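Input: a single structure, listed below in structure tokens.
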Amino acid sequence: MEYGNLFSEINLRGVTFPNRIMRTSMVSGLATEDGHVTDDLIARYQREAKGGVGSLVVEASVVLPSRSSYNLRISDDSFTKELEGLVQGIRDANPETKIGIQIMHFLKIARSGWRQKVSDFKAEDLPVIVRQHADAVERALKAGFEFVELHMAHAYSLSSFLSLANDRTDDYGGGLNRRMRLPVEVYEAARQAAGENYPLGIRINGEDFTAPGTTLLQSTQIAKKFAELGADYISVSAGSRFEDAAPPAENTPPDPMSGYSGHRMSPPWWFPDETHVYLAEGVKKAVNQAGFKTPIVTAGKIRTPKQAEKILQQEKAEIIGLCRPLLCDPDWPQKAFEGRAKEIIACTACNWCLEADSRMERVNCSRWPEGNLVAPAPFTKKMARPSALPKGAKSA
């Protein structure tokens, strides 16, 4: 097979992913404003599962009771049944795809421009955050998810505790070991809730790309700690921090995607392909040298099967994370597997989808026909040429 590494199995604590393609978490805007599952959201994930991904991480689901507009919620038992329906819908579309969910605790923001910082949490708030994650893991198991990913990247709470931007002066801030304290407590509580036979992964920033901010030097230490604790994979992302966000417009909350670090999270077209592979490679090298074989997930503008296969061949990561490329063409894995890589509708990294997320709109792809919330099936045609050009005119 042309992409033998990409389509090899990988086993995480007894759960076998049929290939090395992971659909990484991406907010869809398809949940209700109160965080409930919708038919459109189920259809989105069914479409991507049909395309042949080995594992699929359902978008970040909120563990705290505060409403986060159009984010899924897993904050109380009332959400469990509908999440079970989501899992069953995905499984009906492709019983081979392993289904996980990313859970997260967010920092609050306001239209006034105010944003919560880790220093705003009182000491008595921190055990509550730990318990919220553990309870969410229990709900994920009841809903039928086959693994859970703890979100410790980007602008969210656990990442902000890990970051050098953490300005707390107690035992949860300052030196790296103290900054890791809350995320470690969350992981340990999540592991206790999940048991020893259930995969738990984490997602971290390889770099914050802000000053102050965590660099690869710190992220390798963080990764080694969670490898020691038994994390079943470490997904390496980057950026999306509030520290360099552009000043928001009046009556608009700050947007962590608006600064340079936001561009680094989802590298646009002018960044080179495989933008963040070096971060995953650095984390993998440090984890391996410490004696651990924890699988590393790399993501960030990996657009072709050839690129993905090369990364695996060169042992820079064990799993390839795809998000925007699968939003653009959900059949990317199946086409690669069948030797039809040239038919893949390539993501242009235009970040149309990302901009919709920042506006809290339904996330769509610029390459889909207008109005579609899921890519057409089959989606094999190239973009149509403009039809409104004057007779005899040429398009640019």
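Please treat every number below as a calculation from the coordinates, not as lab data. Note that the structure is a prediction, hence the values are computed from the model and not measured. So basically every Cβ, Gly included, is an ideal-geometry build from the backbone, and we count neighbours across all protein chains shown.
Values computed for the structure shown
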read-out	value
Qualifying positions in segment 112-130 - surrounded by 12 or more Cβ atoms within 10 Å (Cβ to Cβ) and among the basic types (Lys, Arg)	Arg115, Lys117
Checklist (1) among the hydrophobic types (A, V, I, L, M, F, W, C); (2) touching a residue at least 60 places away in the same chain (Cβ under 8 Å); (3) in contact with a helix residue (DSSP H, G or I) (Cβ under 7 Å, 6 or more places away or on another chain) applied to Ile319, failing item	(3)
Failed condition for Arg73, given (1) within 27 Å of Asp125 (Cβ to Cβ); (2) more than 16 Å from the chain's Cα centre (by Cα); (3) crowded, with 18+ Cβ neighbours inside 10 Å	(2)
Residue match in segment 99-118 (condition: assigned to a loop (DSSP other than H, G, I, E, B), touching a Gly at 6+ places or on another chain (Cβ under 9 Å) and under 20 Å from Met26 (Cα atoms))	no
Among (1) within 19 Å of Thr80 (Cα to Cα); (2) crowded, with 19+ Cβ neighbours inside 10 Å; (3) not acidic (Asp, Glu) - the single one Ser163 does not satisfy	(1)
Helices (runs of 4 or more DSSP H) completely within segment 272-354 that count 3 or more residues being within 16 Å of Gly4 (Cβ to Cβ)	305-313, 332-337
Identity of the residue in segment 195-231, among the charged types (D, E, K, R) and buried (at least 24 other Cβ atoms within 10 Å of the Cβ), that ends up nearest to Lys284 (Cα to Cα)	Arg203
Residue ID - surrounded by the fewest Cβ atoms within 10 Å (Cβ to Cβ), chosen from residues in segment 1-51 that are within 25 Å of Asn351 (Cβ to Cβ) and of a type in the set (Gly, Ala, Ser)	Ala43
